[in-house]
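Engineer: Below is one structure. I have some questions about it.
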Amino acid sequence: MHVEISEAQHAWSLLISRGLLSYLPFFEAKQCVTVSTWLRQLSDRKDGTGSKGLPGGISQPIMEALWQGDVESRASAWKVLLLTGIHLHDSEEYERLCQQPCPFDSAIRLDVHRTLPQEALFKEVDGQGQRMLFRLLRSLAIRLSEIGYCQSLNFVIATMILVFPEDELSAFNCALALLLRHALVDLYRPKFQKLEVVLWQFDRLVEGFLPKIHAALTRHGVSSEYYAIQWFLTLYASDLPQHMVRRIWDRFLVAGWRVIAQVGLVLLYRIQDILQDMDTCQALVFLKRFTRNAKFTADELLDTAATFKVSHRMLSALEAAYAWNEPSQLTVIKDLNSGQVHWTVQAASFEETDEHEEASRFPRAGTKSLQGGRRLQGKVLPFLLHNLDTGETTMMEKAFSQYKGEMHQQARAKAGPVQAGPSSAEMPGVSAELETPAGSFWMQTVQRQAERRLSQT
């Protein structure tokens, strides 16, 4: 028996030494190392027979330091996380990109002058920071010709410059790796289809984790499309102070998109009591500005974010549910005794309500139009006026009130007798007892299962 174990350990030692962990998604590799003391000791060996660290070639201590914001050199850690194992552009290639004319030059110049003006590096007109930002944005627009230049990229690239203020080539390579390695480039593609999925996904997270906020936003006819587009397109670089953004990105580079979703939930959680007492006009103005006046530290933000048990498996299940033809919802339940979080994604059920409640309720945020795309009916967006000179947003109150009344009348006329909605047994559902890691293979499998189960109903 001891011989068999020894042989197995020898075989695993050989696999680990050849970089087995680097072929696993980070969370799967991290879980393997966490649950197995022997494997953790093996992966940490310094004699050259252990692994080269966790995926990306970065060691567990550096990962933990990044997570806690206690890393000595953020630039070095980011370079290892982003650039290990990929082809890098050299200085000559980068300079060639910088010198090529770009059809987006005029748009880039306009945005460069209004990007993070509060930061010393970008204050001087045509100074070092603004010149670097222009060259980087032009080079990326040429390199990523399928998307060119999209507003919001300027904040992402400016954040990268602030981490690499003296190393323009590293800033370019890291920015390109960030967009491609983390699939952020999909958010900027024409028609913004991926962004639409992300916004719908976040609305379901708000519904599951923050029901008070969800009810208030629904009452105002507002979804994340109104207040969170810039959050996700810039990874909060347009809304939060840079020292806080860099801490968020530290964790994002380690743990992925769930960190971005968790931070969004925290921002809303902190305003749930304030939003309850606002009328629609006040809420619309407040939702556009509240993040810039927030009074909290990076540690407070991230510590609270960690309490929202969003997992990649949950996000993958929501992405699969986005394709369902019927409304769907995320239900989150916390066991007060154990602290364990249970969740499920399933078809939304509608219970019988009295006449007053039915007349005053907007269609659920999970409702999707099958012919006009996944658009929330009853939204306030068409009734907003944006002043391009002052940047202020106002609402056509009379028209919006009339529209709400007409919608309620139509809903009551079409409703007829109240009928029971589809049960969870009739629609596909995905649930989890424990937060487990998930990679693209898991997500594709869940999506195939969901589609197969849906076709059988």
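The values are calculated or read from the model by the stated rules, or taken from the named source; none is laboratory data. These numbers come from a predicted model, not from an experiment. Glycine also receives a Cβ, built like all others from the backbone with ideal geometry; neighbour counts cover every protein chain displayed.
Engineer: Kindly evaluate A237 against the criterion of being small (G, A, S), part of a helix (DSSP H, G or I) and not assigned by TED's automatic domain parsing to the domain that holds A175.
Structural biologist: The answer is no for A237.
Engineer: Same structure again: For P211, state whether it is under 24 Å from T307 (Cβ atoms) and of a type outside the set (A, V, I, L, M, F, W, C).
Structural biologist: On the way: under 24 Å from T307 (Cβ atoms): yes; of a type outside the set (A, V, I, L, M, F, W, C): yes.
Considered against the rule, which asks whether it is under 24 Å from T307 (Cβ atoms) and of a type outside the set (A, V, I, L, M, F, W, C), P211 comes out as yes.
Engineer: Among the residues in the range 45-53, are any surrounded by fewer than 12 Cβ atoms within 10 Å (Cβ to Cβ), in contact with a helix residue (DSSP H, G or I) (Cβ under 8 Å, 6 or more places away or on another chain) and at pLDDT 90 or above?
Structural biologist: no
Engineer: Looking for something more than 22 Å from the chain's Cα centre (by Cα) and closer than 25 Å to M244 by Cα - is there at least one such residue anywhere in the range 138-155?
Structural biologist: no
Engineer: Ok, one more. Could you list, in sequence order, the residues of the range 172-201 that are over 13 Å from the mean Cα position of the chain (by Cα), more than 24 Å from G85 (Cα to Cα) and crowded, with 21+ Cβ neighbours inside 10 Å?
Structural biologist: Passing the criteria: only Y188.
Engineer: Of the residues in the range 154-203, how many are touching a Lys or Arg at 6+ places or on another chain (Cβ under 9 Å), closer than 28 Å to H214 by Cα and aromatic (F, W, Y)?
Structural biologist: Residues that pass the stated criteria total 2.
Engineer: Whether any residue in the range 88-95 is small (G, A, S), at pLDDT 70 or above and more than 22 Å from D250 (Cα to Cα) is what I want to check.
Structural biologist: Within the range 88-95, one or more residues are small (G, A, S), at pLDDT 70 or above and more than 22 Å from D250 (Cα to Cα).
Engineer: Right, another one. Give the range 138-153 a look and list any residue that's buried (at least 21 other Cβ atoms within 10 Å of the Cβ) and more than 12 Å from Y188 (Cβ to Cβ), or say none.
Structural biologist: Within the range 138-153, R138, S139 meet the criteria.
Engineer: Hey, could you check the range 202-221 for residues that are of a type in the set (A, V, I, L, M) and crowded, with 23+ Cβ neighbours inside 10 Å and say which is nearest to the chain's Cα centre (by Cα)? If you could, list the steps in order and put the result at the bottom.
Structural biologist: Taking the range 202-221 as the starting set, the residues that turn out to be of a type in the set (A, V, I, L, M) are 205-206, 210, 213, 215-217.
In the following step, the residues that additionally are crowded, with 23+ Cβ neighbours inside 10 Å were identified as 205-206, 217.
Working: L205: 11, V206: 13, L217: 20 Å.
Among those that are of a type in the set (A, V, I, L, M) and crowded, with 23+ Cβ neighbours inside 10 Å, it is L205.
Engineer: Looking at this structure, is D167 crowded, with 16+ Cβ neighbours inside 10 Å and among the acidic types (D, E)? Can you show your working first?
Structural biologist: Numbers: crowded, with 16+ Cβ neighbours inside 10 Å: no; among the acidic types (D, E): yes.
Against the criterion (crowded, with 16+ Cβ neighbours inside 10 Å and among the acidic types (D, E)), D167 does not qualify.
Engineer: Only one of (1) buried (at least 18 other Cβ atoms within 10 Å of the Cβ); (2) at pLDDT 85 or above; (3) not hydroxyl-bearing (S, T, Y) fails for Q100. Which number is that?
Structural biologist: (1)
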